[in-house]
Structure formats: structure tokens, C-alpha cells
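The next block holds one structure in the form of C-alpha cells; read it before the comments.
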Amino acid sequence: FNKENIDKQIKALFGKTVAIKSGAYLIIEHTEALHVIDVNSGNRSKPEANQETTALEVNMAAAEEIARQLRLRDMGGIIVVDFIDMVSFANKKTVFQKMKSEMENDRAKHSILPLSKFGLMQITRQRVRPEMNIETNEKCPTCRGTGEITPSIIFTDELENNLKFLAEKIAFKIIIIKTHPYIAAYLTKGLNSIRKQWSRKYKKKLKVESVNSYQYLEYHFFDREGEEIFI
């Protein structure tokens with residue numbers, strides 16, 4: 001499997017980015033109405049005089065990979081391919097012929113239209129089996145998929161309020177706060193750190209310990225015996 005790069009090809013089925021050659025890559029997106037494939041040259045940047053040649057090379061390699069991905073994923077319906085812009089009509093025709101040639105062995109019924117003046121190619125393809133579209137993204141445990149987290153100024157207020165509750169309601173002389181390394185560094189930095197301020201304010205001995213496995217803004221309270229204190 002490793003020798004023939006089969007593992008790499010299987011993983012490529014699960015993601016929306018597919019590497020081609022020399023840094024070029026495809027981005028495959030799915031919507032309710034159609035599939036969109038965007039061709040990107042990546043780091044294949046050359047002087048302006050060779051841009052047309054570079055675009056042709058990348059588009060030819062992309063056409064080969066796109067035909068393969070359509071079969072592997074069995075993508076059906078309308079597929080719109082956004083190739084890299086080319087000025088030459090002959091080059092556009094070459095890419096069109098390349099795509100037709102690569103799709104000849106596809107058992108699914110399909111139709112390919114030439115590139116438009118905007119560099120778009122439309123392909124319609126009949127699906128043979130259920131489409132290979134596996135969702136591999138996971139929700140961020142910190143923001144729960146919203147892309148937003150609690151502002152740090154509010155977070156420290158929340159942490160202090162919970163600490164105040166423990167200091168006033170529970171008779172612990174030593175309270176250990178375990179949290180993410182970034183938060184631990186923030187609480188302990190400086191001669192008059194936040195930890196020292198809270199320790200004097202609530203008349204408790206406070207210890208702050210960093211835990212690499214914690215999520216950002218995650219924290220827990222523990223007693224001197226190492227038992228977690230639940231609020």
C-alpha cells in the first residue's frame with residue numbers, strides 16, 4: 001500500500017483538496033445543485049511570458065486528475081470546473097480534447113462542453129453508485145463550530161467568580177487551578193500576577209498548573225489531594 005501510494009489516494013477521497021503535480025492542486029466543493037472543482041497552480045509561479053505555458057501544463061495535469069476523481073468519487077449531476085485562465089484559443093481546445101480523452105474510459109454516461117470565455121468547463125455525468133463524499137471535519141471543542149470563543153476579559157471574570165464561590169463557600173486552604181498553558185502563563189506572569197492578586201484577595205493559597213492536553217480556555221479546580229472540585 002505504501003509503495004504504490006494507495007494510502008495517500010484513499011485519504012485524498014475524503015478531503016476537498018487533491019494534490020496534482022509540482023505544487024498544483026484541486027479544490028472540490030459540493031452543493032445541492034452542482035459540484036465545483038477549482039484548479040490552482042499553487043507555487044508554480046513563472047515569469048509573465050511563461051504564464052500561458054504554465055497554465056496549459058497545470059490544466060492538462062488537472063484534466064487527467066479530474067477525470068480520475070470523478071470516477072473514484074462517482075460524482076454525478078452537473079460538475080463545473082474552473083480551469084486556470086488561458087488566452088490562446090488553441091490551448092483551450094487542447095485542454096478540452098484532453099478532458100474528452102481522459103473521460104473516454106468512464107463507464108458512466110457523460111457530456112462535456114468546451115471551455116467558456118471565463119475558463120469554465122461544464123460536465124454532466126450520470127452516477128453509477130452512491131457518491132463518495134465522507135465528512136471528515138470535526139467541530140472545534142472550544143468554539144463548538146461557531147468560530148468564536150469567549151473574550152479573554154470575560155473569561156478571567158468567569159474564572160474569578162468561580163474561584164470566589166469556592167473561597168467563600170468551601171473551606172479549602174489550597175486551591176489548584178489547572179488550565180491551558182497559555183492561560184496559565186497569563187495568570188502567573190509578572191511580579192504582581194493575577195494569581196497573587198487573587199490569592200491575597202480571597203486569602204487562599206493558589207497554584208496554577210498548565211496542562212497541554214486542555215483546550216484553550218478550559219480549566220478545572222483541584223484540592224491539595226488532587227481531587228477535582230466541581231462547582
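The values are calculated or read from the model by the stated rules, or taken from the named source; none is laboratory data. Everything numeric here is computed off the predicted structure, so don't read it as measured data. As a convention, Cβ positions derive from the backbone with ideal geometry for all residues, glycine included, and neighbour counts pool all protein chains shown.
Within the stretch 114-166, how many residues are touching a His at 6+ places or on another chain (Cβ under 8 Å) and at pLDDT 75 or above? Give the derivation first.
Step one: list which residues in the stretch 114-166 are touching a His at 6+ places or on another chain (Cβ under 8 Å), which gives 123-126, 133.
Retained after the next criterion (residues that are at pLDDT 75 or above): 123-126.
Looking only at that region, the number is 4.
Quick one: which helices (runs of 4 or more DSSP H) sit completely within the stretch 150-231 and have at least 2 residues that are exposed (fewer than 12 other Cβ atoms within 10 Å of the Cβ) and of a type outside the set (A, V, I, L, M)? Step through it out loud before you land on a result.
Numbers: elements: 152-169, 181-188, 194-202.
Ranges flagged: 152-169.
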